[in-house]
Amino acid sequence: MINYGKQNINLNDIKSVKKTLKSKFLTQGPIVEKFENGLSKFFKSKYTLAVSSGTSALNLVSQILNWKKKDVVIVSPITFLASANCIEKTGATPCFVDINLEDYSIDLIKLEKKIISLKKRLKALIITDYAGHPADWERIYKLKKKYKFNLINDNCHAFGASINNDFGYSVKYSDLSILSFHPVKTITTGEGGAILTNNKIYYLKAKSLRSHGVVRSKQLSNKFGNWYYEMRFLGGNHRLSEIHASLGLSQLKRIKKFIKKRNKIAKYYDNVFYDKSIFTTPKIKKNFYHSYHLYPLLVNLKKVGKSKKQIFNEFLKYKINLQVHYIPINTQPYYKKKYGFKKNNFKKSLEFYKKEISMPIYFDLTYKQLNYIKKVSKKIFNF
């Protein structure tokens, strides 16, 4: 079966994990810190905190920024559920703004109109760098300066992407940036995530919240004893284990190799799906570098004469498992029931969803397999 995404594990990864399994620490040891330092170096961030998942990272961000009832946080409908759910869990209101059909991020014209209408209720923006193409961060940052709100980059798709050759653009423009290390992401820790920031106060609060809201310090130890700690926030267990971190640390060494291969696969698909009357392939803006976590192919279903369900079933017969990213969050039963969203409230997001198919893209995908996907695609799409 050729899946839409898959991890790459080599002998060095296995050795790294084995070494940790034989060490004194399986959790709360030195490897997590080494992994965090490696991420900080790559992203040029002052502070990095490894956590148990990308979802944990988003939930911690919502606590760090202390969103409350009557607060509003803007998010795209085309992103994973966690980006909106982290807002909802605080009692704040997620406000969806439609996407543009160039880089599939938030439409910045509609965004500014929405910011103006919300006034002081707006507390933050969560911007997803969809599929691995960075949003227009310079323009978004100008909006932040003009209207005064917090800016969060959901960078889970875009590890290894860059703007003007700057791999650290995410931390440069946002207050907080989050990563995911799920197996289909650019690098994996099995399950895991991270928070990146240049703000020391945010970092220290996140570090406490990661481990039950507990604070430990030399000052407290000297005063009360080395066993002493204080719970100052209502946190949880969002820690990443040493085992997971050892895998991530090993994978981090191959990040540029992973991204280079994904770009080669994307170019292969660009050449296959060249017929613009049937397909829309991902666009890349000038001075932007795509990390291609996903290869979102838009298909003219009327021209093909088949439904998306038919297409998926036909590919499955040939042992190719496609995926869709994503069902617009505003169409989910929970959000429709609570906020009364209509099906066509966000027309571009809906149009995108109806056409989008995520083609297989991952490091281990061979050119023999790509040629097979090409052959099957020509048969199913009849081009």
Inset, instruction - Show that you can apply the helix-only estimate: for the chain, add -39,500 (n - 2.57) for every DSSP H stretch of four or more residues, divide by all residues, and state [θ] at 222 nm to the nearest 500. - result: -12500 deg cm²/dmol
Legend entry - Neighbourhood charge, 14 Å Cβ-Cβ cut-off, centred on Thr189 and excluding it, Lys, Arg +1 and Asp, Glu -1: +1
Legend entry - Residue with peak Gaussian network fluctuation, the chain [Cα springs, cutoff 10 Å], from Thr90, Thr197, Thr186: Thr90
Inset, instruction - Using the charge dipole of the chain (Lys, Arg: +1 at Cβ; Asp, Glu: -1 at Cβ; taken about the Cα centre), state which of Leu108, Cys86, Thr197 has its Cα farthest towards the positive end. - result: Leu108
Legend entry - Average Cα contact separation per residue, the range 84-172, under 8 Å, 6 or more apart, as relative contact order %: 23
Inset, instruction - List the extent of the Cα atoms of the range 256-383 along each of their three principal axes, largest first, rounded to whole Å. - result: 47, 36, 26
Legend entry - Equivalent ellipsoid, the range 1-139 (semi-axes from 5 times Cα gyration tensor eigenvalues, Å): 35, 20, 14
Inset, instruction - Bin width 20 Å, alpha-carbon pairs only: give the P(r) of the chain as whole percents, running from 0 to the bin holding the largest distance. - result: 27, 56, 16, 1
Legend entry - Across Lys145/Lys253; Lys68/Lys223; Lys260/Lys309; Lys89/Lys200; Lys308/Lys343, pairs whose alpha-carbon gap is larger than 29 Å: Lys145/Lys253; Lys68/Lys223; Lys260/Lys309
Legend entry - For the chain, size of Cβ-based charge dipole, Lys and Arg +1, Asp and Glu -1, in debye: 280
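None of the figures in this text is laboratory data; all of them are computed from the coordinates on show. What you are looking at is a predicted structure, and each value in this text was computed from that prediction instead of being measured. Positions of Cβ are backbone-derived with ideal geometry, glycine not excepted, and every protein chain shown enters the neighbour counts.
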